[in-house]
Amino acid sequence: MTETLSSAITLSPRTCPFDPPPELIEQAEARAITPVRFPDGHMGWLITGYHLVRAVLADPRFSARQELRHAPIEHRMVEKGLLPPAEPGMFLRMDPPEHTRYRRLLTGQFTVRHMNRLIPRIERIAADRLDAIAEQGPPADLVHEFALPIPSLVICELLGVPYSDREVFQRHTATLLRLESSLDEVNAAMAGITGYLDELVRSKAASPGDDLLSGLIETGELDQGELVRIAFLLLVAGHETTANMLALGSFALLTNPAQLAALRENPSQIEGAVEEMLRYASIFQIGIQRAALEDVDIDGHHIAKGENVILAVQAANRDPERFEHADTLDITRPNNGHLAFGHGVHQCLGQQLARIEMRIGYRALFERFPDLRLAIPADEVPMRSDMAIYGVHKLPVTWKEVKQ
Amino acid sequence: MKVSVDRERCCSSGMCVLTAPALFDQDEEDGRVILLEAEPPEELHSAARKAVSFCPCQVITVTDD
Ligand code: HEM
């Protein structure tokens, strides 16, 4: 199908805060796979159909290796076009067997059972945050007081990173995620966080604690650089993602009162509600990227070796061929199967933790404040259209009643 | 119905345990799948099929007798 016109990767503003940008919706409606031009001129593909996205993510002929990637954002372009290889430990951007080796050192720590053991502690953390909000009185910014602190506290405790140092990594993370940041700014922010983690790993090696990083050091399998980059990956992936889902999902519920009422009436639906929130309110701006290791024909298109594909999970999760009433938030949706955590060997390592944090977070929030509502009009809520991870910058809320 | 798993290719997402906890568990050490019930009773068949479809690394197989 050579008649399909190519377009550039776009990050246009959204018309509905929970829907993908209009251009992406149009592309998805027209076809499941579209040629796109990367900022360096490379011609790759945008894939928006659910079944194709899933198939590519499960296909070992598509690589996650960083050195095969063309930067999808202009400001992050390197001169040669392709990005440098991932540094040791950055397994998100590697293929098996290198990827497998790192991932297997961590998966034992992120099992369903292991995460379930954290429930009482996470409930305590959430309750403490809500106490603080109730005490201060309305209005409150849910991002600052609730959505960001909960996952930050949890991942800090799990890894053994002092929460009191959050200023350092939250500021640098914000720079990393800002789409307008220049390559120099990004590199400086990376150096800022890795410098901090380098010292932290050294001090833990000297006096180990009862935490994940100390445990990793003790395996003796990883050198200093690998430990620092794994810590970086877990710290950054572990708090901004969940934080933005907590805030964006709360916003979605506050603007869908019937769904919120249904959840309040039947709190046991929280598990399905969390899956639906992950499907409906996507924090992806661009999508997941892969590169073809060989020529591959999919859905009548020829993808040549080296060509990059962007898997627009946010569009796939709204594919009407897979989901009935795809654009409707329905917390009772059966057999969800969303792709918010990806698919294939890289499927989110922290997904069971994220699920628990979201279940506890939403439930505790709406139980504590039964008449919680937005303190500003919904269309004035500042959206994170300028960040690589989407969500809200602020979520001002107000209330009259507080339950204990 | 017979269920089998390929532990070598398992990526420890935990999706099977989440979907069909009566059939699957995860190794404490590396999180890889442990099959609890290779010949599940009728009432667990649909959960087993769901686990197959949700597994991100396609390591669960079911065969009908
Ligand atoms: C709602 C919250 C979250 C979402 C939507 C999310 C999403 C994702 C996605 C889509 C991937 C796959 C990327 C790819 O295929 O290239 C991924 C990978 C990953 N996530 Fe998450 N994540 C979340 C929370 C977390 C948490 C809480 C942690 C940490 C504890 C975490 C750690 C990771 C790691 C380490 C990887 C890399 C896995 C690998 O390459 O094998 N994530 N995440």
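The values are calculated or read from the model by the stated rules, or taken from the named source; none is laboratory data. It should be emphasised that the depicted structure is a prediction, and the values quoted were computed from it without experimental measurement. All Cβ positions, even for glycine, are placed from backbone atoms using ideal geometry, and neighbour counts span all protein chains on display. Heavy atoms of the whole protein, side chains included, go into the accessibility calculation; ligands, DNA and RNA do not. Shrake-Rupley method; radii C 1.70, N 1.55, O 1.52, S 1.80 Å.
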A:A58 versus (1) away from the ligand (no atom under 12 Å from the Cβ); (2) in contact with a Gly (Cβ under 6 Å, 6 or more places away or on another chain): which is the lone unmet condition? (1)
For a quick check of your reading: which helices (runs of 4 or more DSSP H) sit entirely within region A:195-293 and have at least 1 residues that are touching a Lys or Arg at 6+ places or on another chain (Cβ under 8 Å) and away from the ligand (no atom under 16 Å from the Cβ)? A:212-219, A:224-254
Could you check, for region A:160-167, whether at least one of its residues is open to solvent by 20 Å² or more (accessible area, probe 1.4 Å) and among the hydroxyl-bearing types (S, T, Y)? yes
Number of the condition not met by B:D64 [criteria: (1) within 22 Å of A:P97 (Cβ to Cβ); (2) more than 12 Å from chain A (Cβ to nearest Cβ); (3) of a type in the set (D, E)]: (1)
Selection count where residues are open to solvent by 10 Å² or more (accessible area, probe 1.4 Å) and more than 12 Å from the chain's Cα centre (by Cα), scope region A:235-259: 6
Filtered residue count, region A:138-172, keeping only those that are within 16 Å of the ligand (Cβ to nearest atom), more than 13 Å from A:V236 (Cα to Cα) and of a type in the set (D, E, K, R): 1
Residue count, region A:307-361 (criterion: near the ligand (Cβ under 9 Å from one of its atoms), in a loop (DSSP other than H, G, I, E, B) and touching a His at 6+ places or on another chain (Cβ under 9 Å)): 2
Among the residues that make up region B:33-46, is at least one of them facing chain A (nearest Cβ under 10 Å) and buried (at least 17 other Cβ atoms within 10 Å of the Cβ)? no
